[in-house]
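Enquirer: Have a look at the structure that comes next, please.
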Amino acid sequence: MAQNILVIDDERAIRKALTEILTFEGFTVEEAADGEEGIKKIKENNYDCILCDIKMPKKDGLEVLQFAKEEKPDVPFIVISGHGNIETAVEAVRKGAYDYISKPPDLNRLLITLRNAMDKKVLVAETKQLRKKIAKGGSEMIGNSEGIQRIQETIAKVAPTDARVLVTGENGVGKELVARKIHELSNRANGPMIEVNCAAIPSELIESELFGHEKGSFTSAIKQRLGKFEQASGGTLFLDEIGDMSHDAQAKMLRALQEGKITRVGGEKEIKVDVRVIAATNKNLLEEVEAKRFRLDLYHRLSVILIQVPSLNDRRDDIPMLVDHFMKDLCEEYKQPVKEIDTDAMKALQQYNWTGNIRELRNVVERLIILSDKKITKKDVDSYILK
């Protein structure tokens, strides 16, 4: 389907030239001869992009821009400007226009600007959709078991403080979910939450990842880079799999937590950071301390509040609620009716040994949705899960 462009300009020759160029490039083009007609068309129709002159009778380009930003804020607005109106065009960009193009328009610049503007529109729409999805249930903790209730009570108490939290538990139990919930309920909720998987980063790069580096500090450091501590300033830094951090990085981490300052790799300047640290691990850190693989002083710095997340096998009563939640979520994602699951099938799921915990359960529900008929039976569970 062709993308729809609105061209607003009081010069007929400019409108005609732009319409011919854009139509040849595969766009659908509508025209408006002045600002007033442009506003009417914006109100009545949907466009993928608007090209608008600055100086026009009845309503000028800035008035049209103001209306467009109020009425259709996500539609990119590109100003067409005569050489004498460059300052006004720059002012339009300050007020929300995507960019400006000088008259007579350069074909290549016009098409590049147009496509970049529409690519940005798509990215903005996708970002809004993702945020909506996250807000809808991204950090929702499902379950009524005693262990989950205890965690929720702890989160409610600790979230408004800046106390550091260590979240422990097996892989797939939802440690990241706990960290997100703490961040969302904290006074830092409007700040960033930056995540670092310490196990996924090579030991020789972890310091650069956390603290950043200066240009030329090592062979591939072609420019300065901000580390995760600086990126998370004013918000929360979530250190997943903290038990896999190298000893050198542990020492620098301890200093950063003690002093609230970091130094980039290859740099000398101390940089103050305002970060709340939440760490998570599937290891027993006290055993790691005993084995000389983890610093005891860092353990005490991180574990002001300890939250142990139970395995799914220890909270089997929550499985029906979790299955129901995943069923609705995934069926909506696949745009199909929610499937019914019979009693025997649910009992089989509750009796299964969930070595992968909640992550595995979600995968299983997704598999059952794809492979089963309208009603999920015990036979389906036996066929697709248990054998």
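Laboratory data are not the source of any read-out in this text; all were calculated from the coordinates shown. Since the structure is predicted, the reported quantities are computational estimates derived from the model, not experimental observations. Counting neighbours? That spans all protein chains shown, and the Cβs are built from the backbone with ideal geometry, glycine included.
Enquirer: Taking the chain as the reference, fit the longest principal axis to its C-alpha atoms, fit the long axis of helix 357-371 to the helix C-alpha atoms, and give the angle between the two in degrees, 0 to 90, nearest 10.
Expert: 60 degrees
Enquirer: Quick one: putting +1 on the C-beta of Lys and Arg, -1 on the C-beta of Asp and Glu, what dipole do you get for the stretch 282-387 around its Cα centre, in Debye to the nearest 20?
Expert: Computed about the Cα centre, the dipole is about 240 debye.
Enquirer: Additional query: Across the stretch 143-310, how large is the tail of the calculated P(r) beyond 22 Å, expressed as a percent of all Cα pairs?
Expert: Counting every Cα pair in the stretch 143-310, those more than 22 Å apart make up 42 percent.
Enquirer: Let me ask something else about it. What translational D, rounded to a whole number of µm²/s, comes out for the chain from Stokes-Einstein when the hydrodynamic radius is the Kirkwood one over Cα pairs, at 10 °C and 1.306 mPa s?
Expert: Answer, rounded: 62 µm²/s.
Enquirer: Another question about this same structure. How much length is gained on full extension from R316 to V93, taking 0.36 nm per residue of separation minus their Cα-Cα distance?
Expert: Net length gain for the segment: 74.6 nm.
Enquirer: Taking other Cβ within 10 Å of each residue's Cβ, how do Y334, Y100, Y352 sort, fewest first?
Expert: In increasing order of surrounding Cβ atoms, one gets Y334, Y352, Y100.
Enquirer: Given R₀ = 30 Å, what would the calculated FRET efficiency be for D162 paired with E287, taking r from the Cβ atoms and rounding to 0.05?
Expert: 0.60
Enquirer: Express in whole angstrom the spacing between the alpha-carbon centres of the stretch 19-41 and the stretch 243-322.
Expert: 57 Å
Enquirer: In addition: Under a point-charge model restricted to the Cβ atoms of Lys and Arg (+1) and Asp and Glu (-1), what is the dipole moment magnitude of the chain relative to its Cα centre, in debye to the nearest 20?
Expert: 460 debye
Enquirer: Average the reciprocal distances over every distinct pair of alpha-carbons in the stretch 313-386, invert the result, and give the Kirkwood radius in Å.
Expert: It is 12.1 Å.
Enquirer: Can you tell me the relative contact order of the chain? Whole percent, Cα pairs under 8 Å, sequence separation 6 or more.
Expert: 13 percent
Enquirer: Can you check what the Kirkwood hydrodynamic radius comes to for the stretch 236-387, Cα pairs only, in Å to one decimal?
Expert: One over the average 1/r among Cα pairs gives 18.9 Å for the stretch 236-387.
Enquirer: Per 0.36 nm of contour for each residue apart, how much would the distance between N116 and E259 grow if the chain were fully extended, relative to their Cα-Cα spacing?
Expert: Working it through step by step, the gained length comes to 47.1 nm.
Enquirer: With unit charges on the beta carbon (Lys/Arg positive, Asp/Glu negative), name the residue among A89, I5, S303 whose Cα is farthest towards the positive pole of the charge dipole of the chain.
Expert: The listed residue farthest towards the positive side: S303.
Enquirer: May I ask you to sort H213, H247 by Cβ crowding, counting other Cβ atoms within 10 Å and putting the fewest first?
Expert: H247, H213
Enquirer: Kirkwood Rh over alpha-carbon pairs of the stretch 138-205, then Stokes-Einstein at 25 °C and 0.890 mPa s: what D in µm² s⁻¹, rounded to an integer?
Expert: Rounded to a whole number, D works out at 183 µm²/s.
Enquirer: What are the principal axis extents of the Cα atoms in the stretch 4-134, in Å, biggest first?
Expert: Reported extents, whole Å, longest axis first: 47, 30, 28.
Enquirer: Here's another thing I want to ask about it. In this model, which of K157/K375; K157/K261; K40/K95 are farther than 30 Å apart at the alpha-carbon?
Expert: Where the Cα-Cα span goes over 30 Å, the pairs concerned are K157/K375.
Enquirer: Between N4 and K335, 0.36 nm times their residue separation minus their Cα-Cα distance comes to what?
Expert: In short, 116.4 nm is gained.
Enquirer: May I ask you to sort T355, T88, T236, T113 by Cβ crowding, counting other Cβ atoms within 10 Å and putting the fewest first?
Expert: T355, T88, T113, T236
Enquirer: Quick check for me: using +1 on Lys/Arg Cβ and -1 on Asp/Glu Cβ, what's the dipole size of the stretch 4-134 about its Cα centre, in debye to the nearest 20?
Expert: Rounded to the nearest 20 debye, it is 580 debye.
Enquirer: Hey, what angle do you get for helix 12-24 against the long axis of the chain, alpha-carbon based, 0 to 90 degrees rounded to 10?
Expert: 40 degrees
Enquirer: Set the Förster radius R0 to 51 Å, insert the Cβ-Cβ distance between E20 and E204 as r into 1/(1 + (r/R0)^6), and round the FRET efficiency to 0.05.
Expert: Efficiency computed from Cβ-Cβ geometry: 0.35.
Enquirer: Please compute the contact order of the stretch 143-310 in relative form: average sequence separation of alpha-carbon pairs under 8 Å and at least six residues apart, divided by the residue count, as a percent.
Expert: Here the relative contact order equals 34 percent.
Enquirer: Let me ask something additional. Using the charge dipole of the chain (Lys, Arg: +1 at Cβ; Asp, Glu: -1 at Cβ; taken about the Cα centre), state which of L285, C331, T219 has its Cα farthest towards the positive end.
Expert: Working it through, the farthest residue towards the positive pole turns out to be L285.
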